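This report concerns only the one structure given below.
No lab work stands behind these numbers, since they all come straight from the coordinates. Note that the coordinates shown come from a computational prediction; the quantities given were computed from them, not determined experimentally. Cβ atoms come from the backbone with ideal geometry, glycine included; neighbour counts cover every protein chain shown.
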Amino acid sequence: MTRDRLSCGALRAADAGKMVELCGWINRRRDHGGLIFVDLRDHEGVTQVVFDPAHPSFAEAEHLRNEDVLRVRGTVRTRPAGTENPRLATGDVEAAIEELEILNRSLVPPFQVNADEAVDENLRLEYRYLDLRRPRMQENIRLRHRIIKAMRDFCDERGFVEIETPMLIKSTPEGARDYLVPSRLYPGSFYALPQSPQMLKQISMIAGFGRYMQIARCMRDEDQRADRQPEFTQLDVEMSFCTQEEVLETMESCMRYVWQTVLGIELSPFARLTHREAIAKYGLDKPDLRFGLELANVDAVFAATEFVVFKSAIESGGSIVALRYPGGAALSRRDFDNLTEIAKQFGGKGMVWISLAPDGMKSSAAKFLADADVAAVTAAVEAEPGDAILLFADAVPLAHAVAGKMRNEVGERCRLRDPQTFAFGWVTGFPYLEIDEESGKPAPAHHAFTAPAPGDWALIDRAPMEMRAQHYDLVLNGWELGSGSIRIHKPEEQRRIFEMLGLSADQIEERFGFFVRALEYGAPPHGGMALGIDRIVMIACGEENIREVIAFPKNQGARDLMMDAPSSVPDQLMADLHLRRAPESPSRG
Ligand code: ASP
């Protein structure tokens with residue numbers, strides 16, 4: 001007889017007769033008619049181990065509990081006819097116990113590890129090691145590993161060098177708040193944790209590396225959302241002497257390689273849209289391209305309307321945007337009222353609906369709609385009998401934004417957002433500046449290192465808001481996967497952009513002096529991009545939250561519940577770091 005240590009997913013009928021050794025956790029223990037069955041689990045599968053009452057280990061087996069850790073030796077045998085388990089890869093066999101060694105005991109877990117049932121997320125995060133034992137989480141984290149490996153393989157093949165950049169740096173502006181680390185050696189001074197390695201990867205180009213890549217950790221102190229974490233991981237790349245087209249080709253090929261090697265899916269060429277087209281057709285700069293339902297601007301139809309909602313929108317320079325709801329004529333007035341509420345939650349003033357019902361047109365604005373108006377709107381969105389049309393009248397670009405969010409909602413309700421379909425697209429030609437939501441001031445739509453579109457420098461004094469940027473985004477299924485740009489490589493141009501953003505010469509020197517100086521020593525033209533790995537893996541796994549694909553994430557309140565961070569630190573450490581506690585905060589010895 002041979003004896004092998006095997007994984008718990010390995011045994012098949014052909015192994016019958018072998019003596020094997022298995023190690024793992026108890027997935028489940030059952031007492032059945034005198035026999036004890038233990039399902040032993042590791043990351044590769046589950047094997048049934050059978051304890052016969054005649055065997056000396058039977059008494060110990062009676063006290064085994066879920067999640068205890070065992071090493072067993074047993075003889076493989078085929079299960080009695082009719083007791084096979086077709087849901088298990090090892091379901092044709094079982095191991096009859098020869099030797100039992102209890103390697104460790106487990107407390108009773110606070111939730112079932114062996115079932116994929118809904119568990120409060122905070123509890124899962126507090127006991128993350130148990131949560132990660134569950135097959136779905138094992139698969140997600142392993143898929144993440146394979147995706148990152150494929151990215152590295154691809155980049156290596158294309159001549160990229162992985163360069164690690166430091167965690168303790170000077171503040172890098174990516175538009176978020178920095179996490180700061182107080183310096184012990186320099187009282188009152190701080191390092192910042194990188195919001196991204198942006199300036200360092202550009203300096204790597206100035207340093208002559210040609211092609212840089214990094215699986216980079218980025219830290220941004222932002223409010224949490226489903227797709228955000230205080231720290232996240234990017235595939236960060238930078239290339240010298242490249243055109244925008246070369247960056248797009250490289251990143252598109254990288255994604256195609258990842259999908260092909262990891263998921264076995266051949267992607268078709270990525271859609272291309274300008275920012276203007278994206279807003280006009282889909283209302284948002286991260287359109288979900290899995291389905292059509294293109295928006296239509298119907299200002300012209302209502303140019304002479306007496307309907308006050310439309311009239312006032314048009315008179316104040318706003319727009320009326322129409323969206324088709326396939327099959328929407330089946331909705332009740334109450335359903336339409338609910339949709340109107342949703343439009344308000346999206347920030348809109350409201351919504352007008354038209355139902356193309358078989359028994360005649362109905363509308364929340366029926367009195368004001370001539371047959372010709374309905375016909376024109378119907379034609380604009382290519383609606384058919386049985387559909388509904390939703391109309392949003394608001395300021396520009398709010399009307400498009402609300403319609404765009406509603407388009408995603410309608411896509412969801414009409415089951416047009418198949419998670420197995422992957423619709424990638426490039427959005428290019430972004431405006432250089434946008435109005436920052438918090439400050440109300442113009443700020444770069446990407447970042448201050450982005451080059452304006454060729455020819456648009458001329459607008460910098462006259463009409464800066466009209467400048468376009470050499471900035472591109474990659475979108476997938478309604479998510480922004482990442483952004484990049486061709487960079488400014490001339491020091492005087494970089495200073496000019498900082499000045500436009502309101503920085504004085506002293507501020508430029510203080511914050512970016514080192515960087516502008518590096519540009520002064522022969523910086524090559526360069527460009528690059530960063531893709532959010534957490535989002536990519538989330539979509540590839542069919543998950544809806546990035547915390548499902550990060551081994552040790554923070555919760556929605558930015559807390560690490562397992563380690564209990566952030567937490568207070570001893571007073572001595574505070575003193576070493578020259579920090580004083582605010583009077584109301586708790587102290588610890
Ligand atoms: N640093 C940018 C970001 O993190 C990406 C880039 O421009 O390459 O979004």
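For segment 130-165, which trypsin sites (Lys or Arg not before Pro) are both in a DSSP coil and crowded by at most 16 other Cβ atoms within 10 Å?
Sparse-neighbourhood loop trypsin sites (Lys or Arg not before Pro): R158.
Where does segment 7-48 land on Rg/Rh, using Cα atoms and the Kirkwood Rh?
1.00
Name the residues whose placed amide hydrogens come within less than 5 Å of the amide hydrogen of I320, ignoring near sequence neighbours (fewer than 5 apart) on the same chain.
Excluding prolines and chain starts, which carry no amide H, the hits are V298, D299.
Which one of L88, N545, N122 is farthest out on the positive end of the charge dipole of the chain, using unit charges on Cβ (Lys, Arg +1; Asp, Glu -1) and the Cα centre as origin?
Going by the Cα projections, it comes out as L88.
Can you pull the semi-axes for segment 219-350, root of five times each eigenvalue of the Cα gyration tensor, sorted largest first, whole Å?
In descending order the semi-axes read 38, 20, 19 Å.
Pairs K201/K286; K344/K405; K405/K441; K311/K367; K281/K405; K286/K405: which exceed 20 Å Cα-Cα?
Table pairs above 20 Å Cα-Cα are K201/K286; K405/K441.
Segment 88-145: which GluC sites (Glu not before Pro) are DSSP loop and have at most 16 other beta-carbon atoms within 10 angstrom?
Passing sites in segment 88-145 are E117.
Once each part is reduced to its C-alpha centroid, what is the distance from segment 523-542 to segment 242-320 in angstrom?
First find each Cα centre; the distance between them is then 20 Å.
Using only the alpha-carbon atoms of segment 450-589 as identical scatterers, what base-10 log of I(q)/I(0) does the Debye formula give at q = 0.10, 0.14, 0.15, 0.21 Å⁻¹?
Scattering profile of segment 450-589, log10 relative to I(0): -0.68, -0.96, -0.97, -1.14.
Rank by packing, highest mean first: peptides 483-492, 367-376, with packing defined as the count of other Cβ atoms within 10 Å averaged across residues.
483-492, 367-376
What GluC sites (Glu not before Pro) does segment 160-208 have in DSSP loop regions with at most 15 other beta carbons within 10 Å?
E164
What ranking, highest mean first, results for peptides 502-511, 517-526 when packing means the other Cβ atoms within 10 Å averaged over each residue?
517-526, 502-511
From Cα coordinates alone, what are the radius of gyration and Dmax values for the chain in angstrom?
29.9, 93
Only helical DSSP H runs with n ≥ 4 go in: add -39500 (n - 2.57) per run for the chain, normalise by residue count and round the 222 nm mean residue ellipticity to 500 deg cm²/dmol.
Value at 222 nm, helices only, nearest 500: -8000 deg cm²/dmol.
Placing +1 on the Cβ of each Lys and Arg and -1 on the Cβ of each Asp and Glu in segment 174-241, which of Q202, L185, Q214 has its Cα farthest towards the positive end of the resulting dipole?
Final value for the positive-end residue is L185.
Distance from the Cα centre of segment 124-146 to that of segment 90-116, in angstrom?
About 18 Å separates the Cα centre of segment 124-146 from the one of segment 90-116.
Given a Förster distance of 56 Å, report the FRET efficiency between E245 and A303 from their Cβ-Cβ distance, rounded to the nearest 0.05.
0.85
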